[in-house]
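As structure tokens, the structure follows; a few thoughts come after it.
The values are calculated or read from the model by the stated rules, or taken from the named source; none is laboratory data. Owing to the predicted nature of the structure, the values given are computational and were not obtained by experimental measurement. Because the Cβ atoms are built from the backbone with ideal geometry, glycine has one as well, and the counts that use them run over all protein chains shown. Each accessible area value is taken on the protein alone, full model and side chains, heavy atoms only, with ligands, DNA and RNA left out. Shrake-Rupley method; radii C 1.70, N 1.55, O 1.52, S 1.80 Å.
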Amino acid sequence: MPENPSTQPTGVPPGAPAPAEQRALARPVILRALVALAFGAVTVFWGTPTPAGAAWSLAAYFVGLAAARAWLLREEGRAADPAGRPTAAVRAVASACFGLAAALGLGLGAAPAAAVIAVGGAVALALTGIADVVAAVAGRGRSPLARDELIAGAVHLGAAVLLPFVAGLGAHALLGVAGGAAIITGVLLLIGGLSLRHDSAAQPDVA
């Protein structure tokens, strides 16, 4: 009997995105990776950042992460298979956590002291880490992003724990911790996003 083209291929988990959907998901993942790498580059090459400069750099970073996450949620919500869409709870957690992180980041500019940056930055990193872990656990077995989100979430949570301990070392140390986490997640997500694009190009779209 000829194969029905609308039948999901053997071995593909329920809810797995079609090639066109993979390409759509790759774009916000790559955007987030580029935001993280850009922030990481700033922390590496800025030798003597001021507290205000560190605060606004973190603000731009968290706003960029929130924008990328909102785009990703939009693309995930367009999945043809309902099993591939994030649940309302996952969307609510991701939107709230990344939105609050962006708001906290912007708030750092109002009080650019090392202690404030350390605490506010740690909370913002923890929020984004929690959102990533929740999305990874909920998407396990169906989302191609689950493994990368779990690692990214763990890295952000680790940086959140470390950040307050370097508050006394100044703005450069604070940016170093946050920037190190950003570089790790940026490289990870860039590879993940480019892999999604490559895999989608290698598979023909089927009806």
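When Gly158 is tested against the conditions (1) surrounded by fewer than 18 Cβ atoms within 10 Å (Cβ to Cβ); (2) within 24 Å of Ala67 (Cβ to Cβ); (3) at pLDDT below 95, the lone failure is (3).
Mind telling me which of the residues Ala88, Ala103, Ala110, Ala68 ends up being within 22 Å of Leu150 (Cβ to Cβ) and free of Cβ contacts under 8 Å to residues at least 24 places away in the same chain?
After ruling out the rest, the residue left standing is Ala88.
Ala122 falls short on exactly one of the conditions (1) over 30 Å from Thr50 (Cβ atoms); (2) modelled with pLDDT of 95 or more; (3) touching a Pro at 6+ places or on another chain (Cβ under 8 Å), and that condition is (1).
Could you say which residue among Leu108, Leu175 is in contact with a Pro (Cβ under 6 Å, 6 or more places away or on another chain) and either farther than 30 Å from Arg23 by Cα or of a type outside the set (A, V, I, L, M, F, W, C) (or both)? When all the criteria are applied, what remains is Leu175. Among the residues of segment 114-133, the ones that are surrounded by fewer than 22 Cβ atoms within 10 Å (Cβ to Cβ) and touching a Cys at 6+ places or on another chain (Cβ under 8 Å) come to 1 in all. Restricting attention to segment 66-93, the residues that are in a helix (DSSP H, G or I) and either of a type in the set (Lys, Arg) or more than 18 Å from Arg142 (Cα to Cα) (or both) total 10.
Considering Pro9, Pro17, which residue is at pLDDT below 95, touching a helix residue (DSSP H, G or I) at 6+ places or on another chain (Cβ under 8 Å) and in a loop (DSSP other than H, G, I, E, B)?
Working: Pro9 fails: touching a helix residue (DSSP H, G or I) at 6+ places or on another chain (Cβ under 8 Å).
It is Pro17.
From the list Pro144, Pro164, which residue is open to solvent by 30 Å² or more (accessible area, probe 1.4 Å), modelled with pLDDT under 90 and either farther than 20 Å from Ala96 by Cβ or not in a helix (DSSP H, G or I) (or both)? Spell out the reasoning first.
Details: Pro164 fails: modelled with pLDDT under 90.
Within the list Pro144, Pro164, the selection yields Pro144.
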